[in-house]
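The values are calculated or read from the model by the stated rules, or taken from the named source; none is laboratory data. Just so it is clear, the structure is predicted and the values come from calculations on it, not from any experiment. FYI the Cβ positions are ideal-geometry reconstructions off the backbone, even for glycines, and counts take in every protein chain you see. Remember, those area values only see protein heavy atoms, side chains included, never the ligands or the DNA or RNA. Shrake-Rupley method; radii C 1.70, N 1.55, O 1.52, S 1.80 Å.
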Amino acid sequence: MSGDERGPEVRPGLELAGQHRIALRRDDALDTLELIGRDGRVVLAIEVSERGPVLRFEGAGLAIKAAGELSLEAKRLTIRAEVALALSTGGDLLLAAAGDLHSTARVQTITAELGDVRVEANDDVRIDGERVLVNC
């Protein structure tokens, strides 16, 4: 059969330890290799289409640990957390943008635990608030 005539097809899975299994699903435009948990839910899928492979993880959590460097590169990267997002490091943190940097929150706090807070601008520094309090 040619790729256009192929309908949805599920190949028998390979049984793994812990009652997990691997299944291959083939369709006209998408082939998917699935790791299925003992409860029957897909926990990892590798979807392969004309655009290339896509990894999809589903489950209670995902941990990625690297002994060395971990690098993520993409044309566009979005990170979204429903409840909270924390970035932390034991060393320096650098945020850099070739374009503008926008920060929005209900309340914003900047604290220097040791040392100065520096604000530098090539042009004007504007502070706009209902009240601007200094040394209070």
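Dipole of the stretch 32-136 computed with +1 at Lys/Arg Cβ and -1 at Asp/Glu Cβ about the Cα centre; of 112, 54, 68, farthest Cα towards the positive end is 54.
Within the chain, what whole-number % of the accessible surface is contributed by carbon and sulfur, with the 1.4 Å probe and all protein chains included in the calculation? Don't jump to the answer; show the numbers that get you there.
Numbers: 6880 of 13640 Å².
Looking at the chain in its full context, I get 50 percent from C and S.
Largest mean-square fluctuation among 105, 23, 81, in a Gaussian network model of the chain whose springs join Cα atoms under 10 Å apart, belongs to 105. Only protein heavy atoms count here; on that basis, with a 1.4 Å probe, residue 103 has an accessible area of about 80 Å². Based on alpha-carbon atoms, the Kirkwood radius and the radius of gyration of the stretch 67-136 give Rg/Rh equal to 0.98.
Under 20 °C and 1.002 mPa s, how fast does the stretch 1-132 diffuse according to Stokes-Einstein, given a Kirkwood radius computed over C-alpha pairs? Answer in µm²/s, whole number.
Numbers: Rh = 20.9 Å.
Approximately 103 µm²/s, per Stokes-Einstein.
Computed over the stretch 90-130, the convex hull of the alpha-carbon atoms projects to a mean area of 5.0 nm².
Computed 3J(HN,Hα) for the stretch 112-123, one whole-Hz value per residue from the Karplus formula 6.51 cos²θ - 1.76 cosθ + 1.60 where θ = phi - 60°, is 9, 6, 8, x, 8, 10, 10, 10, 10, 9, 5, 10, glycine and proline marked x.
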